[in-house]
Amino acid sequence: MKPFRDKRRDSRSHQPAKGGAEQPRGTGTKPDDRSVPKPTPRVLSLRDGALPVEHLPLILEVAPNADYALLDSGAGQKLEQYGPYRIVRPEGQAIWQKALPAKDWDRADAIFTGDTDEEGIGRWRFPRTPLGETWPMKHDGIDYLGRFTSFRHVGVFPEQASHWDHMAGLIAAAKRPVKVLNLFGYTGLASLVAARAGAEVTHVDASKKAIGWARENQEMAGLSQKPIRWIVDDAMKFAEREERRGSRYDIVLFDPPAYGRGPKGEVWQLFEDLPDLTDLCRSILTPKPIAVVLTAYSIRASFFAIHALMRDTFAGMGGTVESGELIIREKSAGRALSTSLFSRWVA
């Protein structure tokens with residue numbers, strides 16, 4: 001079984017490199033783009049109308065809870081609690097010192113070593129009891145599968161909980177049918193949260209494996225009867241077709257990787273392609289849209305860059321653009337671990 005590469009952010013490869021040659025999320029490896037010609041770029045121009053109100057910086061924080069906790073961090077590592085298991089993984093931003101004593105770290109059930117190219121769970125060491133590839137987890141009452149992937153991820157990005165809660169509130173407040181598009185959807189927790197809140201969801205990812213995992217999560221969560229379309233496709237191509245077909249959505253989530261490939265070798269490069277995709281996201285909104293949420297991982301940029309892009313793109317539509325960082329609050333010493341940048345337009 002091939003590894004689920006860091007794909008969560010990849011509908012053009014991304015966590016698992018969706019569909020095609022898989023690439024870990026946040027890898028700095030630039031894909032070979034000679035095999036597939038780049039499509040003709042969209043013609044973009046500065047939009048007329050007033051810019052949306054801005055709110056920044058906005059720091060969205062996830063605190064420790066019964067389902068997940070960042071127990072400690074430091075010396076390039078983080079110690080996390082995922083349900084019943086303590087897990088140690090690399091964390092480049094943890095340049096401070098660990099707050100907990102070594103005995104607390106030594107109680108870890110799984111440690112990502114990254115010292116082998118084996119597939120499956122070959123990069124994990126289990127110091128106590130050998131563990132299976134998957135284990136049951138929960139988020140706010142939604143059951144899903146955690147998985148020890150060969151790219152150190154476990155199938156969920158807890159910092160996204162802030163966006164999930166916000167989205168669920170917007171869906172409930174709408175008091176009408178809501179259509180949600182989740183691009184680069186990975187293992188589907190955002191889609192499950194939206195569906196549970198009452199939305200009709202379209203979930204797009206370039207990795208068949210990620211879609212299969214997402215379907216498993218839907219079954220585990222008891223949400224099989226909820227309206228979710230699971231689609232294996234390149235995010236940009238799918239959005240372009242939706243634009244031509246006249247398909248429209250009230251909420252769009254997109255969480256692209258820095259680099260990636262689609263199922264047919266389509267190349268995604270964030271700084272080149274993000275303006276086009278952001279423009280497409282605006283073009284496929286309903287006449288009464290609710291929100292568009294962009295998250296960016298592992299890029300060398302400030303959130304001011306994507307903030308300016310979102311404000312320009314949504315000029316003339318009113319609303320507010322909120323931008324900043326997603327952070328996880330550490331349990332041991334209360335330090336904040338920043339995981340990603342985000343910018344969201346809210347009508």
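Only the coordinates and a few stated rules stand behind these numbers; no lab work does. Keep in mind that this is a model prediction, so the values were computed, not measured. Backbone-built Cβ (ideal geometry, glycine too); neighbour counts: all protein chains shown.
Fewest neighbouring Cβ atoms within 10 Å first, the residues 302, 162 line up as 302, 162. Loop-located trypsin sites (Lys or Arg not before Pro) in segment 63-150 (DSSP state not H, G, I, E or B) with no more than 15 neighbouring Cβ atoms inside 10 Å: 107, 128.
The long axis of helix 303-313 is offset from the longest Cα principal axis of the chain by roughly 20 degrees. Pairs from the list 78/209; 78/237; 78/226; 78/264; 78/138; 288/331 with a Cα-Cα gap above 32 Å: 78/237; 78/226; 78/264; 288/331.
With respect to the chain, whose longest principal axis is taken over its alpha-carbon atoms, helix 270-283 is tilted by about 50°.
Axis angle, to the nearest 10 degrees, between helix 208-220 and the longest C-alpha principal axis of the chain: 80 degrees.
Using Cβ point charges alone (K and R +1, D and E -1), the dipole size of the chain about the Cα centre works out to roughly 420 debye. Between amide H atoms placed 1.01 Å from N, distances below 5 Å from residue 91 occur with 77, 78, all of them 5 or more places distant or on a separate chain. Exposure proxy shown here: for 150, 73, 247, 45, the number of other Cβ atoms within 10 Å sets the order, fewest to most, as 45, 247, 150, 73.
Based on DSSP H segments of at least four residues, each scored -39500 (n - 2.57), the chain has a per-residue ellipticity at 222 nm of -6500 deg cm²/dmol. What you get for segment 234-347, charging only the Cβ of Lys and Arg (+1) and of Asp and Glu (-1), is a dipole of about 260 debye around the Cα centre.
Largest mean-square fluctuation among 132, 185, 212, in a Gaussian network model of the chain whose springs join Cα atoms under 10 Å apart, belongs to 132. Based on C-alpha pairs under 8 angstrom that are at least 6 apart in sequence, the chain has a relative contact order of 26 percent.
Report the antiparallel proportion of the DSSP beta bridges in the chain as a percent, rounded to a multiple of 5. Of the beta bridges lying entirely in the chain, close to 55 percent run antiparallel.
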